[in-house]
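Enquirer: This is the structure, below, for whatever I ask next.
The values are calculated or read from the model by the stated rules, or taken from the named source; none is laboratory data. Predicted, not measured: the structure shown is a model, and the values here were computed from it. Glycine also receives a Cβ, built like all others from the backbone with ideal geometry; neighbour counts cover every protein chain displayed.
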């Protein structure tokens, strides 16, 4: 007679096999994991149980890119229900889990036994349909500290749902990745409310490669100026910004309430006027920025000399400045490079590489110190 065996019982059986030094099935799964050829379509229930056993007995991170589907999440959810599970980081990026898979996964992640701190779900055909469950997870006593949802068509409705969980006093999430998620300026309003309402646990936010525009940055800065906001790293590259955004960000950077230390504004048309606006605030002794990325921001000699001047006025501010694919010109390059040799300046890393410009020689310079 053939009977169905529960997932937990299968796990216990594998522990027994391990005690008897019978590791053939486990070794078969490990071999597939190492080769990168593990496919859920080929796994029998016994194989799944072996995979679960490996997860429970391993203290290493799991990095999976194995054409997994929502079916795999049912088995993985059982892993988190076990007090034997020590898994702290799970990378399921570049699979096809879809919303149904993430919903199943969240059920296991809400278990008090779960110790997972990092979950990466990049490029898994997700939409806002799974974000209610993710939001509920964030609002529980979850151990989750990092959640990456990049390259999924979440849209603004997803951010609205996630904001409910992020606003919970129980939320401990520190890092949130929302790059390439088809977001617009409206999403910034939802996140601004998270920062404004009560102390937020978020320390790092990536919203790059979304059409946030200046109007989105304006809304976001309202929340970032709140005393309850503790965000330290903000990525807004490829967001359709102009020099107008530098006005909003400039006022923020010189505020005593701002905790930002790392800002990425690369691939936005900020121009010299935007760089000069940022430079004005970098001069402030209250500015805490340590790393600023302005790669491919259409900045020329005037903007670069202004940044160099800011480093003179506030020598203890920036430690890293990225100006690659701008046109600093001879004077801008000379003044910026001099800051690396200035013992009174804290700048440690300077990056610049000139593209072919109308008014600059096609030389390529790269300074890293």
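Enquirer: Go through segment 206-220 residue by residue and tally those that are surrounded by 23 or more Cβ atoms within 10 Å (Cβ to Cβ) and either closer than 16 Å to residue 258 by Cα or touching a helix residue (DSSP H, G or I) at 6+ places or on another chain (Cβ under 7 Å) (or both).
Expert: 4
Enquirer: Can you name the residue in segment 155-182 that is closer than 15 Å to residue 131 by Cβ and touching a strand residue (DSSP E or B) at 6+ places or on another chain (Cβ under 7 Å) and, of all such residues, is surrounded by the most Cβ atoms within 10 Å (Cβ to Cβ)?
Expert: Only one residue tops the list, namely 178.
Enquirer: Go through segment 99-127 and give me each residue that's in a loop (DSSP other than H, G, I, E, B), touching a strand residue (DSSP E or B) at 6+ places or on another chain (Cβ under 7 Å) and within 18 Å of residue 180 (Cβ to Cβ).
Expert: 121, 122, 124, 125
Enquirer: Here's something else I'd like to know. Looking at 336, 321, 311, 307, which is the one that is at pLDDT 90 or above, under 21 Å from residue 253 (Cβ atoms) and under 26 Å from the mean Cα position of the chain (by Cα)?
Expert: Selected residue: 321, the only one of 336, 321, 311, 307 that is at pLDDT 90 or above, under 21 Å from residue 253 (Cβ atoms) and under 26 Å from the mean Cα position of the chain (by Cα).
Enquirer: Then there is this: Of everything in segment 168-189 that's out of contact with any helix residue (DSSP H, G or I) (no Cβ under 9 Å at 6 or more places or on another chain) and farther than 13 Å from residue 236 by Cα, which residue is modelled with the lowest pLDDT?
Expert: Ranking the candidates gives 169 first.
Enquirer: Further, regarding this structure: With the requirement that a residue be surrounded by fewer than 18 Cβ atoms within 10 Å (Cβ to Cβ) and outside any loop (DSSP other than H, G, I, E, B), what does segment 141-154 give you?
Expert: 146
Enquirer: Can you list the helices (runs of 4 or more DSSP H) found entirely within segment 195-299 that contain at least 1 residues being within 19 Å of the chain's Cα centre (by Cα) and touching a residue at least 24 places away in the same chain (Cβ under 8 Å)?
Expert: Output list reads 213-224.
Enquirer: Among (1) modelled with pLDDT under 95; (2) within 21 Å of residue 161 (Cα to Cα), which single condition is residue 225 missing?
Expert: Every condition holds for residue 225 apart from (2).
Enquirer: Looking at 326, 363 in this structure, which one is assigned to a loop (DSSP other than H, G, I, E, B) and modelled with pLDDT of 95 or more? Reasoning before the result, please.
Expert: Values: 363 fails: modelled with pLDDT of 95 or more.
Going through 326, 363 in turn, the sole match is 326.
Enquirer: I'd like the residue in segment 84-98 that is assigned to a loop (DSSP other than H, G, I, E, B) and touching a strand residue (DSSP E or B) at 6+ places or on another chain (Cβ under 9 Å) and, out of all such residues, is farthest from residue 172 (Cα to Cα).
Expert: If we take residues in segment 84-98 being assigned to a loop (DSSP other than H, G, I, E, B) and touching a strand residue (DSSP E or B) at 6+ places or on another chain (Cβ under 9 Å), then 95 is farthest from residue 172 (Cα to Cα).
Enquirer: Additional query: Could you tell me whether residue 138 is in contact (Cβ under 8 Å) with a residue 24 or more places away in the chain, crowded, with 23+ Cβ neighbours inside 10 Å and closer than 23 Å to residue 226 by Cα? Talk me through it step by step, then tell me what you get.
Expert: Working: in contact (Cβ under 8 Å) with a residue 24 or more places away in the chain: yes; crowded, with 23+ Cβ neighbours inside 10 Å: yes; closer than 23 Å to residue 226 by Cα: yes.
So residue 138 fits the description; yes.
Enquirer: Exactly one condition in (1) touching a helix residue (DSSP H, G or I) at 6+ places or on another chain (Cβ under 7 Å); (2) modelled with pLDDT under 95 is not met by residue 143; state its number.
Expert: In the conditions (1) touching a helix residue (DSSP H, G or I) at 6+ places or on another chain (Cβ under 7 Å); (2) modelled with pLDDT under 95, residue 143 misses (1) alone.
Enquirer: Please enumerate the residues belonging to segment 52-83 that are modelled with pLDDT of 60 or more and either in contact with a strand residue (DSSP E or B) (Cβ under 6 Å, 6 or more places away or on another chain) or in a helix (DSSP H, G or I) (or both).
Expert: Matches in segment 52-83: 69, 70, 71, 72, 73, 74, 75, 76, 77, 78, 79, 80.
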